[in-house]
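Here the structure comes first, spelled out in structure tokens, and everything after it is commentary.
Since every read-out is calculated from the coordinates, none of them should be taken as a lab result. Keep in mind the model is a prediction, meaning the values are calculated, not measured. No Cβ is skipped: glycine too gets one built from the backbone with ideal geometry, and neighbour counts run over all protein chains shown.
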């Protein structure tokens, strides 16, 4: 399993944001993608720290994307950032 943990620029958020992406070592054709969203008090690395999702993904052949959304409740805010659009 190859894992990228870093920052990317989001046009929707208009800022840099953290993300973790894991993909299997062997990729043949189209690959399903699982998006895992963290809870209120966690961050983008929570799933890798607290589960074996990377092992399941490698065995099953799917990629995992874990974005950072802070305490946004995954919504577009009237006077704030657009996390729903980002996701």
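Brief remarks on what is shown
- Over the Cα atoms of segment 2-86, the radius of gyration divided by the Kirkwood radius equals 1.01; this is the Rg/Rh ratio.
- Each peptide in 31-41, 47-57 receives the mean, over its residues, of other Cβ atoms within 10 Å, and ordering these scores from highest gives 47-57, 31-41.
- Rounded FRET efficiency, nearest 0.05, which uses the C-beta distance separating residue 34 from residue 9 and R0 of 30 Å: 0.85
- A simple spin-label model places pseudo-atoms 7 Å from Cα toward Cβ; at residue 2 and residue 79 they are separated by 4.5 nm.
- Approximating the spin labels as points 7 Å out from Cα along Cα→Cβ, the residue 41-to-residue 60 distance works out to 2.7 nm.
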